[in-house]
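Heads up: the structure comes next, in structure tokens.
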Amino acid sequence: MRTGMSAGPNAGTSRGPAAPGRRERGQAAVELVGVVFTVVLVAVLAIQGITVAQAASIAQEAARHGARALSLGQDCRGVLADHVPDGITIVDGDTTCTVDDDGAVVALTVSVPLGLGDVTMTEVVLTRSAEFPVQGDPPPADEPAPSATPEEEA
């Protein structure tokens, strides 16, 4: 028989029973990974929600500028293209610029990509409309609209 060896469940091993603190430290590391993943996921979803809300605001403002331009007899689609940034795509088939008895009406449909960086997961399609009154006949597109009437200048 060898000397210095004890008989028991851990006989022949250099390790003794695991210390209680050692197992808990491993559990804390696993929990930290889960919490960090959850926080990052919530942050990414919040950023995507803010992106959609900002795109809706941009589309509404562009529709308003387009309706104003149309009421003045200017090119509605050119104004829309100027007011929509590069990351947002105007859906041409669903975008309308019309003048009727009620005024100049613009319905703008845009497509907003959602994802991270160059990776697009999905696209959200938003439609916003605006109406602007037309007083009399709108001036032709090549003539600037009058800035003030003679009565207002006096």
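A few points about this structure:
- Cα-centre dipole for region 54-133 with unit charges at Cβ (Lys and Arg positive, Asp and Glu negative), debye to 20: 160
- Mean separation of Cα contacts under 8 Å (6+ apart) over length of region 54-133, as relative contact order %: 34
- Over 20 Å [Cα-Cα, region 35-109], rounded percent: 41
Only the coordinates and a few stated rules stand behind these numbers; no lab work does. Small disclaimer: the values here were computed from a predicted structure and weren't measured. FYI the Cβ positions are ideal-geometry reconstructions off the backbone, even for glycines, and counts take in every protein chain you see.
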